[in-house]
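Chemist: Please see the structure below; I have some questions.
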Amino acid sequence: MKSRNVVLVLALVIVAAACSPGSSASSVQPSGLDAAWRSASLSDARTGESFTIDSLRGKLVAVEPMAIWCTTCRTQQGEVAAALDRLNDPDIVYVSVDVDPNERVEDLAVYADRSGFDWRFAVATADVARSLAATFGDQILSPPSTPLVLISPEGEIIEHHFGIRRADELVDLFAANAP
(Lines give C-alpha, C1' and ligand atoms only; values in the text may rest on other atoms or scores of the structure.)
Protein backbone atom coordinates (compact mmCIF):
# COMPACT_ATOMS: atom_id res chain seq x y z
CA MET A 1 0.00 0.00 0.00
CA LYS A 2 2.85 2.38 0.86
CA SER A 3 4.57 1.81 -2.51
CA ARG A 4 1.26 2.43 -4.29
CA ASN A 5 0.96 5.82 -2.55
CA VAL A 6 4.53 6.70 -3.52
CA VAL A 7 3.81 5.83 -7.16
CA LEU A 8 0.61 7.90 -7.07
CA VAL A 9 2.41 10.92 -5.60
CA LEU A 10 5.21 10.64 -8.19
CA ALA A 11 2.66 10.43 -10.99
CA LEU A 12 0.90 13.55 -9.71
CA VAL A 13 4.19 15.44 -9.48
CA ILE A 14 5.06 14.50 -13.07
CA VAL A 15 1.63 15.53 -14.36
CA ALA A 16 1.78 18.83 -12.45
CA ALA A 17 5.24 19.61 -13.83
CA ALA A 18 4.16 18.81 -17.38
CA CYS A 19 1.13 21.09 -17.10
CA SER A 20 2.91 24.07 -15.58
CA PRO A 21 3.07 27.15 -17.85
CA GLY A 22 6.71 27.92 -17.19
CA SER A 23 8.27 30.66 -15.11
CA SER A 24 9.83 34.00 -15.68
CA ALA A 25 13.25 32.52 -15.05
CA SER A 26 13.10 29.82 -17.71
CA SER A 27 14.68 29.93 -21.13
CA VAL A 28 14.73 27.32 -23.85
CA GLN A 29 17.00 27.06 -26.85
CA PRO A 30 15.30 26.55 -30.21
CA SER A 31 15.12 23.02 -31.51
CA GLY A 32 14.44 23.63 -35.20
CA LEU A 33 16.41 25.32 -37.93
CA ASP A 34 13.54 26.96 -39.87
CA ALA A 35 14.50 30.61 -40.19
CA ALA A 36 11.77 31.75 -42.60
CA TRP A 37 10.22 33.84 -39.80
CA ARG A 38 13.37 35.97 -39.79
CA SER A 39 13.41 36.69 -43.53
CA ALA A 40 9.65 36.94 -44.16
CA SER A 41 8.28 40.38 -44.94
CA LEU A 42 6.24 41.84 -42.10
CA SER A 43 4.25 45.06 -42.20
CA ASP A 44 4.17 47.56 -39.35
CA ALA A 45 0.48 47.70 -38.40
CA ARG A 46 0.50 51.47 -37.89
CA THR A 47 2.79 52.74 -40.64
CA GLY A 48 2.45 50.03 -43.29
CA GLU A 49 6.26 49.98 -43.54
CA SER A 50 7.62 46.58 -44.61
CA PHE A 51 10.50 45.04 -42.70
CA THR A 52 12.05 41.70 -41.82
CA ILE A 53 13.55 40.61 -38.54
CA ASP A 54 16.83 40.06 -40.42
CA SER A 55 16.75 43.69 -41.65
CA LEU A 56 17.11 44.79 -38.01
CA ARG A 57 20.56 43.20 -37.71
CA GLY A 58 22.98 45.46 -35.86
CA LYS A 59 20.41 46.11 -33.16
CA LEU A 60 19.23 44.05 -30.21
CA VAL A 61 15.85 42.66 -31.32
CA ALA A 62 13.14 41.28 -29.06
CA VAL A 63 10.29 39.42 -30.79
CA GLU A 64 7.10 38.85 -28.82
CA PRO A 65 4.42 36.55 -30.30
CA MET A 66 1.13 37.96 -28.97
CA ALA A 67 -2.59 38.47 -29.55
CA ILE A 68 -4.90 41.41 -28.90
CA TRP A 69 -7.16 39.38 -26.57
CA CYS A 70 -4.25 38.12 -24.44
CA THR A 71 -4.25 39.73 -20.99
CA THR A 72 -0.80 38.38 -20.06
CA CYS A 73 0.53 39.89 -23.29
CA ARG A 74 -0.89 43.25 -22.25
CA THR A 75 0.73 42.91 -18.83
CA GLN A 76 4.09 42.03 -20.42
CA GLN A 77 3.79 44.93 -22.86
CA GLY A 78 3.26 47.34 -19.96
CA GLU A 79 6.52 46.08 -18.45
CA VAL A 80 8.24 46.39 -21.84
CA ALA A 81 7.03 49.98 -22.23
CA ALA A 82 8.50 50.88 -18.84
CA ALA A 83 11.81 49.16 -19.66
CA LEU A 84 12.14 50.79 -23.08
CA ASP A 85 11.32 54.20 -21.60
CA ARG A 86 14.06 53.76 -19.00
CA LEU A 87 16.64 52.60 -21.53
CA ASN A 88 15.72 55.03 -24.33
CA ASP A 89 18.15 53.21 -26.66
CA PRO A 90 17.55 53.30 -30.44
CA ASP A 91 19.67 50.14 -30.77
CA ILE A 92 17.01 48.09 -28.95
CA VAL A 93 14.07 47.13 -31.17
CA TYR A 94 10.94 45.47 -29.83
CA VAL A 95 8.55 43.76 -32.25
CA SER A 96 5.15 42.40 -31.20
CA VAL A 97 3.97 39.82 -33.73
CA ASP A 98 0.27 38.94 -33.57
CA VAL A 99 0.04 35.17 -34.13
CA ASP A 100 -3.77 34.90 -33.95
CA PRO A 101 -4.92 34.08 -37.51
CA ASN A 102 -8.29 35.75 -36.85
CA GLU A 103 -6.92 39.20 -36.00
CA ARG A 104 -6.62 42.02 -38.51
CA VAL A 105 -3.89 44.59 -39.06
CA GLU A 106 -6.33 47.46 -38.49
CA ASP A 107 -7.39 46.08 -35.10
CA LEU A 108 -3.76 45.58 -34.09
CA ALA A 109 -2.95 49.21 -34.98
CA VAL A 110 -5.87 50.44 -32.86
CA TYR A 111 -4.76 48.20 -29.96
CA ALA A 112 -1.19 49.54 -30.08
CA ASP A 113 -2.31 53.16 -30.34
CA ARG A 114 -4.90 52.93 -27.57
CA SER A 115 -2.39 51.20 -25.31
CA GLY A 116 0.23 53.87 -25.97
CA PHE A 117 2.82 51.38 -27.23
CA ASP A 118 5.26 52.94 -29.69
CA TRP A 119 7.19 49.94 -31.01
CA ARG A 120 6.51 47.82 -34.09
CA PHE A 121 3.41 45.64 -34.24
CA ALA A 122 2.83 43.21 -37.12
CA VAL A 123 0.42 40.40 -37.94
CA ALA A 124 2.13 37.08 -38.66
CA THR A 125 1.26 35.33 -41.89
CA ALA A 126 0.48 31.62 -41.72
CA ASP A 127 4.00 30.94 -43.05
CA VAL A 128 5.60 33.05 -40.33
CA ALA A 129 3.55 31.29 -37.64
CA ARG A 130 4.49 27.85 -39.02
CA SER A 131 8.15 28.84 -39.13
CA LEU A 132 8.09 30.12 -35.55
CA ALA A 133 6.52 26.83 -34.41
CA ALA A 134 9.04 24.79 -36.41
CA THR A 135 11.89 26.71 -34.80
CA PHE A 136 10.69 27.06 -31.20
CA GLY A 137 7.88 24.53 -30.78
CA ASP A 138 4.12 25.02 -30.71
CA GLN A 139 4.14 26.89 -27.38
CA ILE A 140 5.56 29.94 -29.18
CA LEU A 141 2.10 30.32 -30.75
CA SER A 142 0.40 30.40 -27.33
CA PRO A 143 0.29 34.12 -26.47
CA PRO A 144 -0.74 33.61 -22.80
CA SER A 145 2.61 31.86 -22.21
CA THR A 146 4.20 35.28 -22.96
CA PRO A 147 6.93 34.04 -25.29
CA LEU A 148 9.93 36.25 -26.03
CA VAL A 149 12.80 35.67 -28.46
CA LEU A 150 15.88 37.84 -28.00
CA ILE A 151 18.24 38.22 -30.98
CA SER A 152 21.75 39.66 -30.71
CA PRO A 153 22.98 42.46 -32.98
CA GLU A 154 24.91 39.74 -34.84
CA GLY A 155 21.67 37.86 -35.54
CA GLU A 156 22.16 35.04 -33.03
CA ILE A 157 19.32 33.91 -30.80
CA ILE A 158 20.36 34.87 -27.27
CA GLU A 159 17.31 33.60 -25.47
CA HIS A 160 13.93 32.01 -26.01
CA HIS A 161 11.80 32.59 -22.95
CA PHE A 162 8.27 32.00 -21.62
CA GLY A 163 6.74 33.93 -18.74
CA ILE A 164 6.28 37.54 -17.77
CA ARG A 165 9.41 39.54 -17.09
CA ARG A 166 9.23 42.69 -15.00
CA ALA A 167 10.65 46.00 -16.24
CA ASP A 168 13.76 45.74 -14.04
CA GLU A 169 14.57 42.30 -15.45
CA LEU A 170 14.05 43.53 -19.01
CA VAL A 171 16.26 46.57 -18.43
CA ASP A 172 19.06 44.31 -17.17
CA LEU A 173 18.59 41.81 -20.02
CA PHE A 174 18.42 44.42 -22.77
CA ALA A 175 21.28 46.55 -21.39
CA ALA A 176 23.55 43.50 -21.07
CA ASN A 177 23.01 42.52 -24.71
CA ALA A 178 22.58 45.85 -26.55
CA PRO A 179 25.30 46.92 -28.98
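The values are calculated or read from the model by the stated rules, or taken from the named source; none is laboratory data. As the structure is a computational prediction, the values presented were derived from the model and not from experiment. Here the Cβ is made from the backbone with ideal geometry for all residues, glycine too, and neighbour counts use every protein chain on show.
Chemist: Among the residues of segment 129-136, is there at least one that is hydrophobic (A, V, I, L, M, F, W, C), farther than 19 Å from ASP89 by Cβ, touching a residue at least 40 places away in the same chain (Cβ under 8 Å) and not in a helix (DSSP H, G or I)?
Modeler: No, every residue in segment 129-136 fails to be hydrophobic (A, V, I, L, M, F, W, C), farther than 19 Å from ASP89 by Cβ, touching a residue at least 40 places away in the same chain (Cβ under 8 Å) and not in a helix (DSSP H, G or I).
Chemist: OK, next. Would it be correct to say that SER145 is within 20 Å of ALA178 (Cα to Cα), modelled with pLDDT of 95 or more and among the hydroxyl-bearing types (Ser, Thr, Tyr)?
Modeler: no
Chemist: Considering segment 56-94 alone, what residues qualify as being surrounded by 14 or more Cβ atoms within 10 Å (Cβ to Cβ) and small (Gly, Ala, Ser)?
Modeler: ALA62, ALA67, GLY78, ALA81, ALA82, ALA83
Chemist: Name the strands (runs of 3 or more DSSP E) wholly within segment 29-124 that hold at least 1 residues that are modelled with pLDDT under 95 and either out of contact with any Leu (no Cβ under 6 Å at 6 or more places or on another chain) or hydrophobic (A, V, I, L, M, F, W, C) (or both)?
Modeler: Values: elements: 60-66, 92-98, 120-123.
Those strands (runs of 3 or more DSSP E) do not exist here; none qualify.
Chemist: Name the single residue that is farthest from ARG114 (Cα to Cα) among those in segment 42-55 being among the acidic types (Asp, Glu) and surrounded by 14 or more Cβ atoms within 10 Å (Cβ to Cβ).
Modeler: Of everything passing the filter in segment 42-55, ASP54 is farthest from ARG114 (Cα to Cα).
Chemist: A further question follows. Kindly indicate the residue of segment 146-179 that is of a type in the set (Asp, Glu) and not in a loop (DSSP other than H, G, I, E, B) and also surrounded by the most Cβ atoms within 10 Å (Cβ to Cβ) among those meeting that condition. Before the answer, list the steps.
Modeler: Narrowing segment 146-179 to residues of a type in the set (Asp, Glu): 154, 156, 159, 168-169, 172.
Adding the requirement that they be not in a loop (DSSP other than H, G, I, E, B) leaves 159, 168-169, 172.
Details: GLU159: 16, ASP168: 12, GLU169: 14, ASP172: 13.
Taking the candidates together, the pick is GLU159.
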